[in-house]
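The values are calculated or read from the model by the stated rules, or taken from the named source; none is laboratory data. Predicted model only: the values in this text are computed from it and were never measured. Virtual Cβ from ideal backbone geometry, glycine too; neighbours counted across all protein chains shown. Ligands, DNA and RNA are excluded from the accessible area calculation, which covers all protein heavy atoms including side chains. Shrake-Rupley method; radii C 1.70, N 1.55, O 1.52, S 1.80 Å.
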Amino acid sequence: MKTPIQLSDHFTYRRLFWFTLPSIASMIFASVYGIVDGYFVSNYVGKIPFAGLNIIMPFIMMLGAVGNMIGLGGSALIGKTLGEGDREKANSLFSFFTYFMGAAGVLLAIIGNVFLPRIAVLLGAEGAVLDNAILYGRICLCGIPFLTLQYTLQGFLITAERPQVGFWITVAAGVTNMVLDALFITVFHWGLAGAAIATVTGQLIGAGVPIALFFSARNNWLLKLGKAKFDGHALLKACTNGSSEFLSNVSISLVGMLYNAQLLKYAGNDGVVAYGVIMYVNMIFIAVFFGFSVGTSPVFSFNYGADNSTELKSLFRKCASIILGSSVIMLLAAEVLARPLAMIFTSYDQSLLDMTTHAFAIYSVSFLFCGIGIFGSGLFTAMNNGLISAILSFVRTVILQITFIFVLPRLWDLDGIWWSAVLAEGLAAALSIVCILAYRKKYKYM
């Protein structure tokens, strides 16, 4: 748009589209460049290294999820504070959360390296797969401070009314990763280590550039890095607000580990590879819902802090329409693209290609429901109700998923694993709708 969009604006469909588009695009692009490692490793390094990467990746992402918790939970608190008109306090909170996350990232990297071999064995890796999982994990853990800060600052850029800046930073980080993947793997022949080094370099760009911009003397944004004091209460509130996002990311990693364990039992290494492909594609599709939820969250928080119920109701109606329409489109697109997408990773093995295509055709039914669950949890995060948000996320991504992962294979064998996500997302969507209706009068969004 020609004029900058502010949190205090009235959001039409057009304005909502332009404000959330950078967040959606950032999430999609981040998912795409996250897939690049898998593409190059699967096609140029081999099936065993690819299995090692997929087994240890959930652990890496689990540690990085702390950045999402502070970034989104802190953004909800900062957005509400801005809506109340206290910009000085908002900047102090922003600076404190950023410094805290930098220190926490270093600590997580150290702890992760200490326990990495035990974690890899616990996840079912053995032999050559174990060696590859440890190799990839060791290098990627060096980038955890950058990964957590990248996640944190992406949320803060949206609250600073600069989502488009976050998008271009994501592009820069992603292009760096993809170019280096091609260089390190196909030219220098560094194998799995090359993929890991490329990933860490991209994360360094994703964290370093926004820090430089927020520190810049020419920064005239809503938020600017500066002096901060330790605020335990605010930190607890941010963690509570963002606990659902943290649980969502951790549980995705945990569920991924359990999926791999079950697939090793029912389908061997090919099952792990097929699931890895589905997860790569799944990241792109749900990135739309996550991006939209993250993009709208500061707007909800700001208007909640400003007690602007008229704008809250208008915003909620528009968001609900967009989520429902997108869910149908996602399902149709996934069913049509199941085989072409599977061929990108598994065209070298016909039986593996058939397994992946069949699995994705089942799994993609979950896209009809997951947007509702993601938006519902994000809405309560924006309203600073971390408890309800966490409950929705925990039920959706932990209780239901884990239950069905172990129950359904007993009934339908391998297909039961693929149907687990569908049933979990469907029931989670129903619970989200119930909670949204139950709290409509308290938060005045309906």
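Here are the numbers:
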| quantity | calculated |
| --- | --- |
| Around LEU7: net Lys/Arg minus Asp/Glu count, Cβ-Cβ under 15 Å | -2 |
| Calculated over the stretch 389-446: convex hull of Cα atoms, volume per residue (Å³) | 64 Å³ |
| Highest-first arrangement of 307-313, 36-42, where packing means the average Cβ count within 10 Å | 36-42, 307-313 |
| Sequence ranges 413-424, 116-127, ranked by mean other-Cβ count within 10 angstrom, highest first | 413-424, 116-127 |
| Candidate lysines for bridging to LYS441, where Cα separation is under 17 Å - those fewer than 8 sequence places away on the same chain excluded | LYS313 |
| Surrounding net charge for VAL277, when Lys and Arg each add one and Asp and Glu each subtract one, Cβ distance under 12 Å | 0 |
| Share of carbon and sulfur in the accessible heavy-atom surface of the stretch 339-407 [1.4 Å probe, %] | 78 percent |
| Surface share of carbon and sulfur [accessible, 1.4 angstrom probe, percent] for the stretch 2-84 | 66 percent |
| Fraction of the pair-distance distribution of the stretch 12-52 above 17 Å, Cα-Cα pairs, percent | 50 percent |
| Separation between Cα centres of the stretch 81-105 and the stretch 171-190, rounded to whole Å | 34 Å |
| Listed pairs LYS89/LYS444; LYS224/LYS318; LYS227/LYS444; LYS80/LYS229 exceeding 28 Å between Cα atoms | LYS224/LYS318; LYS227/LYS444 |
| Folded to 0 to 90 degrees: helix 243-266 orientation relative to the chain principal axis, Cα | 10 degrees |
| Where only alpha carbons of the stretch 304-446 are counted, the Rg and the Dmax (Å) | 18.0, 58 |
| The stretch 159-295, dipole about Cα centre (Lys/Arg Cβ +1, Asp/Glu Cβ -1), debye to the nearest 20 | 480 debye |
| Whichever lysines have a C-alpha closer than 19 Å to that of LYS47, once near sequence neighbours (fewer than 8 apart) are set aside | LYS265 |
| Peptides 95-102, 372-379 ordered by average Cβ neighbours within 10 Å, highest first | 372-379, 95-102 |
| Relative contact order computed over the chain (Cα-Cα under 8 Å; 6+ residues apart), in percent | 24 percent |
| Per residue accessible area in Å² of the chain, where ligands, DNA and RNA are left out and the probe is 1.4 Å | 39 Å² |
| Compactness index (Cα Rg / 2.2 N^0.38 Å), the chain | 0.94 |
| Helix-only CD estimate at 222 nm, as mean residue ellipticity for the chain, using -39500 (n - 2.57) per DSSP H run (n ≥ 4) | -28500 deg cm²/dmol |
| Under the Karplus curve 6.51 cos²θ - 1.76 cosθ + 1.60, θ = phi - 60°, whole-Hz ³J(HN,Hα) for the stretch 123-129, x wherever Gly or Pro sits | 7, x, 6, 8, x, 5, 5 |
| Degrees, to the nearest 10: 414-438 long Cα axis against longest axis of the chain | 10 degrees |
| Cleavage-rule hits (chymotrypsin sites (Phe, Trp or Tyr not before Pro)) in the stretch 193-232: DSSP loop, at most 11 neighbouring Cβ within 10 angstrom | PHE230 |
| Top of THR199, THR186, THR296 by mean-square fluctuation, Gaussian network on the chain, Cα under 10 Å | THR186 |
| Helix 191-215 vs. the chain, principal-axis angle (Cα, 0 to 90°, nearest 10) | 10 degrees |
| FRET E, pair ASN43, ASP131, Förster distance 30 Å, beta-carbon r, rounded to 0.05 | 0.90 |
